[in-house]
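These notes concern the structure reproduced below.
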Amino acid sequence: MSAETLQQPIEQLVHRELAAAASGDRHAYGRIVALSQNTVTAVALAITRDVPASEDIAQEAFLKAWQQLGRLQNPTSFLPWLRQIARNLAHDHLRANRHRPLDGEAAELAIAQAADPAGTPVRQLIDREREAVAAELISELPEDSREVLLLYYRESRNSRQVASLLGLSDAAVRKRLSRARGCLRTELLARFSEFARGSAPGAAFAVTVVTALGSFSKPAAAAGLTTAGSTLAGGVLGKLFFGSAGVVGGSVLASLVTAWLCRKLLERYADDAEERRRILRCYNIYLAMAAVMCVGVLAAVWLFDSPVPSLAIAAAGFLVLNYQLMVPLPRIMNPLLRRDAERNPRGAERRALVYRLTFGPSGLLIANIGLLGMLAIGYLHGYGPM
């Protein structure tokens, strides 16, 4: 890269490569990896405090991002999205390896090293020292300063570069750096600087990732990165059908259409225009609230690269909708249901069952179970592209 190129913020350089990478250009994605590998490994290392594990996690994060890159709608969200993938994978690694005994190849390697004092004592000493340094030095730091300090030394002490890579202001980075320095003694700070630079991934890291891309197909396509003039509607539809939060958005849209079609079921109980007006007035309020919730979910899907806002709006909306069906609607419908039962007991029993399964407690229970299922799906796929 030219000197002029290197002076540009890494975030801008990454965005320049995204369109080509999203269309399947592995070399463009390799340049993205090279630009952001320090960031992703630092994020993983700050959590795991294990250098080899952090590199494995970073490689997995890059491969996962490649597979789903075509679905990312907003180029400016790539680095935050990539960092979140790495954080989730790092936490998964900690949970999976907590209290886990050595077995398989790991156990065989440990036994072989222990049983061969002539062949590997220097290597064992270096590895143990490196792991001890990593755990000791990173543990000394506040959690919110670990990524910053690691990346600061890996990025040649450029606080603005660190701010760009981590999505922070330069002032916030400097504040965290000051706090981190206050936690380490002078000699430990010097050791940390040496450790951060020495544990940074080299050029072979990006080459390994790009080579691994050969076993994956091109990024899954969706409107967005490959088209500079993507519209709001195109972006929403892309996330609606491909994102984990979109599972909830799609369920809300389906519920809204179903609710509209169910108006006829209620109208059949009305004997005159006044009863029909009262029923529809109450139910139209329900439909309006459902529409507002749907718009809120879709807006959250578009604006945020996390399923949390859209899931929260959906959950709050369903609580309001439940109230409308449990309190105002029964006040109007219960007398009409009783009247229908008096007129035609046999036919009314079947109609009442349909009503209960649609608007009664049974229907609400089914709908709420479905909502909980959507929330669970959103949580399980929480670090996918939104």
* Residue list for segment 183-198, restricted to those being of a type in the set (A, V, I, L, M) and open to solvent by less than 10 Å² (accessible area, probe 1.4 Å) -> 188, 196
* Asked: Among the residues of segment 332-350 satisfying the criterion of being crowded, with 16+ Cβ neighbours inside 10 Å and without any contact (Cβ under 8 Å) to a residue 60 or more places away in the chain, which is nearest to the chain's Cα centre (by Cα)?
  -> 332
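Could you tell me whether segment 146-154 includes any residue that is among the β-branched types (Val, Ile, Thr), at pLDDT 70 or above and under 15 Å from residue 40 (Cα atoms)?
yes
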* To do: Pull up segment 155-182, narrow it to residues that are over 17 Å from residue 80 (Cβ atoms) and touching a residue at least 60 places away in the same chain (Cβ under 8 Å), then point me to the one that is surrounded by the fewest Cβ atoms within 10 Å (Cβ to Cβ).
  => 160
* Structure fact -> Considering only helices (runs of 4 or more DSSP H) wholly within segment 146-212, the ones with at least 1 residues that are more than 19 Å from residue 38 (Cβ to Cβ) are 170-183, 186-198, 203-212
* To do: Would you check if there is a residue in segment 68-78 being of a type in the set (Ser, Thr, Tyr) and open to solvent by less than 60 Å² (accessible area, probe 1.4 Å)?
  => yes
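The values are calculated or read from the model by the stated rules, or taken from the named source; none is laboratory data. Only a predicted model underlies this, so the values are computations on that prediction, with no experimental measurement involved. Cβ sites come from the backbone with ideal geometry, for glycine too, and all protein chains shown count toward neighbours. Accessible surface areas use protein heavy atoms only, side chains included; no ligands, DNA or RNA. Shrake-Rupley method; radii C 1.70, N 1.55, O 1.52, S 1.80 Å.
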